[in-house]
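The values are calculated or read from the model by the stated rules, or taken from the named source; none is laboratory data. If you're wondering where the values come from, they're calculated on a predicted model, not measured in any experiment. So basically every Cβ, Gly included, is an ideal-geometry build from the backbone, and we count neighbours across all protein chains shown.
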Amino acid sequence: MKVFCTGASGYIGGSIAAALAADGHQVRGLVRSAEGAEKVRALGLVPVTGTLDDAAILAAEARAADAVINAASADHRNAAMALLGALEGSGKVFIHTSGSSIVGTRAAGNRVDDVFDETTPLTPSPARAARVALDKEILSYGSRGVRAAIVCPSLIYGDGHGAKIDSVQVPWLIQTARKHGVAKHYGPGENIWSNVHIDDLVDLYLRVLKDAPAGAFYFAENGENSMRELCAAISRMLGLGGTTQAMSLAEAAAEWGDGAAQDTMGSNSRVRAARARKELGWSPQARTVLDEIAHGCYARHP
């Protein structure tokens, strides 16, 4: 199969594209730089130089491919529409990457008990309303001759394929702990995020590519932990005794930025991947995030 993948030099896209290439698919990957091109060549991909604003390049690649995986941005509407416009009426696959912060609420590090699966009604926060609207627009192409589907990962952890590339939350917490000599969370750290290992996430994309019906939306998770639990594990891994410390919003914003502190590090994002398990037979097998921190990639190169 000929697959075009955006975000091919990144954590999610690079991991998916490397797995597809290893399975014998012909993968072309969008990159912005010569450095990115070298990275994707090393993964067995053909680099395509351009950006998400290059609508003509995106459309041409989509028309030439059998399937498109958009893993570069959850929020770039123009890119998604350029790709979908080129695929309309073709019956080809389009997989878009969203993110489970669409269910999040600003909780200042406090626990919220709301849990969402694919059937739960959702009213997004103002910070994520545009993303939810884009997700709905993408899925509407299922009735316009595109086998459009969305994968919505929760907190992703673990090493990406082919290179040391990482997701956001766990590396940020490690960097903060190393910087201050103590693991720190925003507020009490009781806020909970579902999480998924990158290897299990890649497996889900491959299953969606093969079997997902048009208009399908899938959360991706295999458990959940509070930020304080992650910080305690990081503290132990770094030899800091397992202790953690709360930060004010001002302190958290100084570390990660105000939006990231409130919508990522201090929010709750609790989802269940019910549809992927039932419909696609997805069964996550990788180690948990706490095991990965204690004994896996984060312990090997913290």
Query raised in the report: Which condition does G89 not pass, out of (1) modelled with pLDDT of 95 or more; (2) crowded, with 21+ Cβ neighbours inside 10 Å; (3) in contact with a Lys or Arg (Cβ under 9 Å, 6 or more places away or on another chain), if it passes all the others?
Result: (2)
Query - Any chance L58 is more than 17 Å from the chain's Cα centre (by Cα), part of a helix (DSSP H, G or I) and touching a residue at least 12 places away in the same chain (Cβ under 8 Å) - result: yes
Report summary line: Only one of T243, T264 is closer than 28 Å to G13 by Cβ, in contact with a Ser or Thr (Cβ under 9 Å, 6 or more places away or on another chain) and among the hydroxyl-bearing types (S, T, Y), namely T264
Query raised in the report: Residues that are within 30 Å of F94 (Cα to Cα): which helices (runs of 4 or more DSSP H) entirely in the stretch 211-299 hold 3 or more of them?
Result: 274-280
**Report entry** Single residue of the stretch 1-44 satisfying the filter (among the polar types (S, T, N, Q) and either touching a helix residue (DSSP H, G or I) at 6+ places or on another chain (Cβ under 7 Å) or assigned to a helix (DSSP H, G or I) (or both)) that is nearest to D199 (Cα to Cα)
**Finding:** S15
Requested in this report: Filter the stretch 165-210 down to residues that are assigned to a strand (DSSP E or B) and of a type in the set (A, V, I, L, M) and give me whichever is farthest from R228 (Cα to Cα).
Outcome: V196
Query raised in the report: Out of curiosity, is Q245 free of Cβ contacts under 8 Å to residues at least 24 places away in the same chain, among the polar types (S, T, N, Q) and on the phi < 0 side of the Ramachandran plot?
Result: no
Report summary line: Over the stretch 108-157, the set of residues of a type in the set (A, V, I, L, M), touching a Phe, Trp or Tyr at 6+ places or on another chain (Cβ under 8 Å) and more than 30 Å from A65 (Cα to Cα) is A108, L122
Report task. Just one of (1) in contact with a helix residue (DSSP H, G or I) (Cβ under 8 Å, 6 or more places away or on another chain); (2) surrounded by 14 or more Cβ atoms within 10 Å (Cβ to Cβ) trips up T105, so point out which. Result -> (1)
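Take A286 and decide whether it is touching a strand residue (DSSP E or B) at 6+ places or on another chain (Cβ under 6 Å), of a type in the set (G, A, S) and farther than 14 Å from E190 by Cα.
When the stated conditions are applied, A286 passes them.
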Query raised in the report: Which of the residues spanning the stretch 225-242 are at positive phi and out of contact with any strand residue (DSSP E or B) (no Cβ under 9 Å at 6 or more places or on another chain)?
Result: G239, G241
Requested in this report: Output yes when any residue across the stretch 95-106 is part of a strand (DSSP E or B), of a type in the set (V, I, T) and at pLDDT 95 or above, and no when none is.
Outcome: yes
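Going through the stretch 212-221 one residue at a time, which ones are touching a helix residue (DSSP H, G or I) at 6+ places or on another chain (Cβ under 6 Å) and surrounded by fewer than 24 Cβ atoms within 10 Å (Cβ to Cβ)? Even if it seems obvious, please write down each step before you answer.
Restricting attention to the stretch 212-221, the residues satisfying the condition of being touching a helix residue (DSSP H, G or I) at 6+ places or on another chain (Cβ under 6 Å) are 214-215, 218, 220.
Matches in the stretch 212-221: A214, G215.
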